[in-house]
Amino acid sequence: MQFIKHQLPGVIECIPTKFFDARGHFYESYNQKLFAANGIPEDFVQDNYSFSTPGVLRGLHFQKNPHGQGKLVRCMKGKVMDVIVDLRQDSPTFGQHEKFILEADKGNMLYVPVGFAHGFVALEETIFVYKCTDFWNKEAESGIRWNDPTLAIDWGVAQPIVSDKDQILPDFNAQERIF
């Protein structure tokens with residue numbers, strides 16, 4: 001497995017080594033010892049699953065401390081453009097975002113530490129799964145509006161399908177500094 005560090009500190013892309021033969025392929029998607037040795041020492045406590053049709057945009061979501069969630073995200077089917085925003089006030093990259101293409105065929109995953117907002121847009125029919133470092137907590141649930149003018153994220157989709165709940169999330173500048 002390859003572990004690739006990116007522009008935003010703490011964010012790591014994980015690309016598995018696939019083994020192919022006449023039957024198909026095999027790869028190890030998670031190994032706690034290997035991940036810990038490469039900067040991801042987390043204990044994941046919850047797995048989540050979503051199905052999305054092309055053009056569905058989910059996010060930008062996070063949980064406030066003390067229930068902040070680190071996430072290990074990937075596509076089991078399809079392809080997404082995954083977006084993360086650094087919300088860590090003391091970070092040199094505070095307020096910056098980064099985009100990744102996650103695809104089932106490639107098997108790549110993204111580790112998103114606590115202190116980031118996360119969202120994605122489905123580029124194909126997609127099954128998206130992720131591991132979390134803390135349990136979902138309704139009182140800690142929060143987010144940033146997907147089309148926030150300060151962040152100016154280009155989602156690459158003219159008319160995304162966004163839930164009513166995500167349409168009314170607050171702007172980036174309206175967020176209390178929580179991380």
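Looking at region 1-17 only, could you name the residues that are open to solvent by 40 Å² or more (accessible area, probe 1.4 Å) and over 17 Å from the mean Cα position of the chain (by Cα)?
Within region 1-17, Met1, Gln2, Thr17 meet the criteria.
Considering Gly95, Gly59, Gly55, which residue is crowded, with 21+ Cβ neighbours inside 10 Å and of a type outside the set (D, E, K, R)? Full working, then the answer.
Values: Gly95 fails: crowded, with 21+ Cβ neighbours inside 10 Å; Gly55 fails: crowded, with 21+ Cβ neighbours inside 10 Å.
Going through Gly95, Gly59, Gly55 in turn, the sole match is Gly59.
For region 84-105, indicate whether the set of residues that are closer than 20 Å to Val162 by Cα and of a type in the set (Lys, Arg) is non-empty.
Yes, region 84-105 contains a residue that is closer than 20 Å to Val162 by Cα and of a type in the set (Lys, Arg).
Quick check on this structure: which one of Val114, Val80 is crowded, with 19+ Cβ neighbours inside 10 Å and not in a strand (DSSP E or B)? Steps first, answer last, please.
Values: Val80 fails: not in a strand (DSSP E or B).
Among Val114, Val80, only Val114 is crowded, with 19+ Cβ neighbours inside 10 Å and not in a strand (DSSP E or B).
So which residues in region 83-92 are open to solvent by 10 Å² or more (accessible area, probe 1.4 Å) and either assigned to a strand (DSSP E or B) or aromatic (Phe, Trp, Tyr) (or both)?
Within region 83-92, none qualify.
Condition first: open to solvent by less than 80 Å² (accessible area, probe 1.4 Å), of a type in the set (A, V, I, L, M) and in contact with a Gly (Cβ under 6 Å, 6 or more places away or on another chain). Now tell me which residues in region 128-179 satisfy that.
Our first condition is that a residue be open to solvent by less than 80 Å² (accessible area, probe 1.4 Å); within region 128-179, this holds for 128-134, 137, 140-148, 150-153, 155-157, 160, 162-163, 166-167, 169-172, 174-175, 178-179.
Going one step further and asking which of them are of a type in the set (A, V, I, L, M), we end up with 129, 140, 144, 151-153, 157, 162, 169, 174, 178.
Scanning region 128-179 gives Val157, Leu169.
Look at region 131-170 and say how many of its residues are basic (Lys, Arg), under 18 Å from the mean Cα position of the chain (by Cα) and within 30 Å of Phe35 (Cα to Cα).
Looking only at region 131-170, we keep the residues that are basic (Lys, Arg), and these are 131, 138, 145, 165.
With the extra rule that they be under 18 Å from the mean Cα position of the chain (by Cα), the set shrinks to 131, 145.
Next, only the ones that are within 30 Å of Phe35 (Cα to Cα) stay: 131.
Looking only at that region, the number is 1.
Specify the residue that is most open to solvent (accessible area, probe 1.4 Å); the eligible residues are those in region 39-52 that are in contact (Cβ under 8 Å) with a residue 12 or more places away in the chain and assigned to a loop (DSSP other than H, G, I, E, B). First the steps, then the outcome.
Our first condition is that a residue be in contact (Cβ under 8 Å) with a residue 12 or more places away in the chain; within region 39-52, this holds for 39-40, 42-52.
Narrowing the set further to residues that are assigned to a loop (DSSP other than H, G, I, E, B) leaves 39-40, 42-45.
Working: Gly39: 45, Ile40: 0, Glu42: 47, Asp43: 102, Phe44: 45, Val45: 66 Å².
Among those residues, the one meeting the criterion is Asp43.
Just one of (1) in contact with a strand residue (DSSP E or B) (Cβ under 7 Å, 6 or more places away or on another chain); (2) open to solvent by less than 50 Å² (accessible area, probe 1.4 Å); (3) not aromatic (Phe, Trp, Tyr) trips up Glu103, so point out which.
In the conditions (1) in contact with a strand residue (DSSP E or B) (Cβ under 7 Å, 6 or more places away or on another chain); (2) open to solvent by less than 50 Å² (accessible area, probe 1.4 Å); (3) not aromatic (Phe, Trp, Tyr), Glu103 misses (2) alone.
In region 26-38, which residue that is in contact with a strand residue (DSSP E or B) (Cβ under 7 Å, 6 or more places away or on another chain) and free of Cβ contacts under 8 Å to residues at least 60 places away in the same chain is least open to solvent (accessible area, probe 1.4 Å)?
The selected residue is Asn38.
For region 1-25, how many residues are touching a residue at least 12 places away in the same chain (Cβ under 8 Å), of a type in the set (Lys, Arg) and in a loop (DSSP other than H, G, I, E, B)? Please lay out each step first, then the result.
If we filter region 1-25 for residues that are touching a residue at least 12 places away in the same chain (Cβ under 8 Å), which is where we start, we get 1-3, 5-18.
Applying the additional criterion that residues be of a type in the set (Lys, Arg) yields 5, 18.
Next, only the ones that are in a loop (DSSP other than H, G, I, E, B) stay: 18.
Count: 1.
For region 151-162, does any single residue satisfy the condition of being closer than 18 Å to Asn48 by Cβ and at pLDDT 95 or above? First the steps, then the outcome.
Quick first cut of region 151-162, residues closer than 18 Å to Asn48 by Cβ only: none.
For region 151-162, residues closer than 18 Å to Asn48 by Cβ and at pLDDT 95 or above: absent.
The values are calculated or read from the model by the stated rules, or taken from the named source; none is laboratory data. All figures in this text were calculated on a predicted structure; none of them were measured in a lab. So basically every Cβ, Gly included, is an ideal-geometry build from the backbone, and we count neighbours across all protein chains shown. SASA here: full protein model, heavy atoms, side chains in, ligands and nucleic acids out. Shrake-Rupley method; radii C 1.70, N 1.55, O 1.52, S 1.80 Å.
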